[in-house]
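What follows draws every value from the coordinates through simple rules; no lab data is involved. Here the structure is a predicted model, which is why all the values come from computation and not from measurement. Counting neighbours? That spans all protein chains shown, and the Cβs are built from the backbone with ideal geometry, glycine included.
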């Protein structure tokens, strides 16, 4: 630490550097720095009655439902394209694709933006429930979602008390031939 007489001899930049050095010495640890063996983090969301979680690195951004422009000649689940800060994002109704459900927007509707080689895709979900952390002991095989329309993209399930979270692979969804074929 710098003594009071020494501070008078420092320029403002050097004083700020000292403040930063001292404050970083007391940081308990940022979430990105806390890593425990067997700990897995994901983005949790709801799709109808299904509670799903996808790897954080699969989701680039979470948006409120944007204004979209429809694209003629596409399937009903392909809602259109949105201009997000100057970038075009293809917007897909995930429940519509998986379950054939009609599309409805509520105040909880969100869009998970996923980047892929051909551009950004926005997956419309019913609600985003935030970040969730799970430990290896909570990981189970697919049971609850085995007969669900989401099952083809569920790798495992995390069980926390009475709650079951399906581990939904967005990357597998992006590679599915029927997902890549949005034309009617």
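What translational diffusion coefficient, in µm²/s and rounded to a whole number, does the Stokes-Einstein relation yield for the stretch 35-184 at 10 °C and a viscosity of 1.306 mPa s, taking the hydrodynamic radius as the Kirkwood radius over Cα pairs?
100
Kindly express, to the nearest 10 degrees and within the range 0 to 90, the angle between helix 12-24's C-alpha long axis and the longest C-alpha principal axis of the chain.
So the helix axis and the longest Cα principal axis differ by about 60 degrees.
Can you work out the PRE-style zone for residue 163? Point 7 Å along Cα to Cβ, and I want the residues of the stretch 117-153 with backbone N under 15 Å.
127-135, 138-139
I want to make sure I understand the PRE zone here: with the label point 7 angstrom from the Cα of residue 115 toward its beta carbon, which residues in the stretch 63-103 have backbone N atoms less than 17 Å away?
The answer is 63, 84-90.
Please identify, among 107, 155, 127, the residue showing maximal mean-square fluctuation in a Gaussian network model of the chain using a 10 angstrom Cα cutoff.
107
Which of 42, 122, 141 moves the most in a Gaussian network model of the chain with Cα springs under 10 Å?
141
Under a point spin-label approximation (7 Å from Cα along Cα-to-Cβ), what is the residue 105-residue 61 distance to one decimal in nm?
1.7
Using 0.36 nm per residue, how much length does the chain from residue 41 to residue 178 gain when fully extended, once their Cα-Cα distance is taken away?
46.5 nm
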